[in-house]
Amino acid sequence: MRGVTFLGERKLQVAEFPDPTPGPHDVVIEIKASGMCGSDLKFYRATGGETAALGLGKLEGPVIAGHEPCGVVVAAGNKVEERTAPVGARVMVHHYSGCGTCRHCLSGWAQMCVAGSTIYGVTAHGAHASYMKVPAHTLVALPDQLSFTTGAAISCGTGTAYGALRRMNLSGADTIAIVGQGPVGVSATQLAAAMGARVIALDVSAERLTRAKEFGADALIDPRTDDPIAAIKTLTKGAGADLTLDTSGTADGRVTAVRATRAWGTVCFVGEGGGISLDVSRDLLRKQLTIIGSWTFSTIGQADCARFVADRKIAVDHLFTHRWQLGQAEEAYRLFDRQTSGKGVFVRS
Ligand SMILES: [Zn+2]
Ligand SMILES: [Zn+2]
């Protein structure tokens with residue numbers, strides 16, 4: 001089969017790999033959709049040591065990229081129970097695997113495993129391929145109403161947005177400012193609007209702001225032309241947003257998120273990498289601020305997100321502006337790298 005591997009410095013290749021065969025506890029999935037996530041750009045652009053910088057351990061050998069897997073079970077190992085992964089089942093993958101016995105693994109948070117976790121698409125073969133082998137316990141059922149591409153989005157970007165909003169206890173009474181309208185940010189805009197909140201969307205790309213409006217944003221701010229903190233305060237009668245979510249991962253974006261939040265409000269960071277410098281007394285203590293770091297979601301959180309999207313008939317597929325074949329991977333990542341478009345996904349023809 002073919003698979004896409006990142007070579008660093010914005011190079012990648014589509015290479016031949018043997019078709020996977022399942023070990024006793026594994027399944028093989030025929031990949032129907034494999035999403036492109038913002039964090040993939042870190043590996044695509046890597047100049048060395050980038051996975052370590054994200055706290056993900058060291059990448060070994062050529063690893064097939066793609067950590068938003070969605071497809072159909074085509075084979076299962078002899079220790080996998082039929083009801084866990086029947087052949088033909090439509091599934092997403094929770095793209096992590098751990099020891100299976102620590103408290104994090106047992107609660108569905110294998111990415112936090114005390115023994116260290118495998119991250120599919122980063123430290124083990126991922127979903128930018130025809131087939132993917134994973135332990136059966138990583139599977140999350142894809143509701144019948146959802147397309148494979150929607151399942152791919154939920155498997156990282158949209159699931160991450162959902163997880164952050166739930167961690168912040170977003171309610172329909174809240175005004176939330178969302179910094180960055182890339183795939184995770186615009187998903188957060190879409191989900192927060194569906195939860196009834198008023199959304200203020202920020203991005204430096206006019207194209208992405210236009211999309212944010214289509215996804216339910218009530219107000220748009222371009223930090224290059226307007227002071228974002230002042231603009232958010234104007235939109236909230238001087239108080240600041242009840243909640244702010246930074247998906248940009250930039251120092252400026254994070255500082256904006258902190259300073260544009262009202263007293264007693266909550267800030268959540270989901271954008272990866274980098275650092276931040278804050279005036280602790282002024283920015284945090286005097287405002288009684290809560291800051292949350294949120295990293296993706298548990299298996300249960302992924303299933304809850306899928307349920308929410310299905311029940312509310314949320315048009316997650318609208319996130320995708322580009323559908324690609326594996327052979328177009330170079331073009332696909334070159335476009336995504338510009339960070340002005342929507343989300344891309346590799347689909348099986
Ligand atoms: Zn564990
Ligand atoms: Zn991701």
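Whether any residue in segment 124-146 is acidic (D, E) and at pLDDT 95 or above is what I want to check. Yes, some residue in segment 124-146 is acidic (D, E) and at pLDDT 95 or above. From the list G240, G180, G253, G265, the one residue that fits, being away from ligand 1 (no atom under 16 Å from the Cβ), of a type outside the set (F, W, Y) and within 30 Å of G71 (Cα to Cα), is G180. Screening A115, A127, A65, A85 for residues that are open to solvent by less than 10 Å² (accessible area, probe 1.4 Å) and more than 16 Å from ligand 2 (Cβ to nearest atom) leaves exactly one candidate, A85. Annotation: of all residues in segment 274-309 being among the polar types (S, T, N, Q) and within 19 Å of the chain's Cα centre (by Cα), the one that is surrounded by the most Cβ atoms within 10 Å (Cβ to Cβ) is Q302. Annotation note: of G121, G151, G163, the sole residue that is away from ligand 1 (no atom under 16 Å from the Cβ), open to solvent by 10 Å² or more (accessible area, probe 1.4 Å) and within 15 Å of the chain's Cα centre (by Cα) is G163. Residues that are closer than 24 Å to L245 by Cα, at pLDDT 95 or above and polar (S, T, N, Q) within segment 281-338 comprise S281, Q288, T290, S294, T296, S298, T299, Q302, listed in sequence order.
The values are calculated or read from the model by the stated rules, or taken from the named source; none is laboratory data. Only a predicted model underlies this, so the values are computations on that prediction, with no experimental measurement involved. Here the Cβ is made from the backbone with ideal geometry for all residues, glycine too, and neighbour counts use every protein chain on show. Remember, those area values only see protein heavy atoms, side chains included, never the ligands or the DNA or RNA. Shrake-Rupley method; radii C 1.70, N 1.55, O 1.52, S 1.80 Å.
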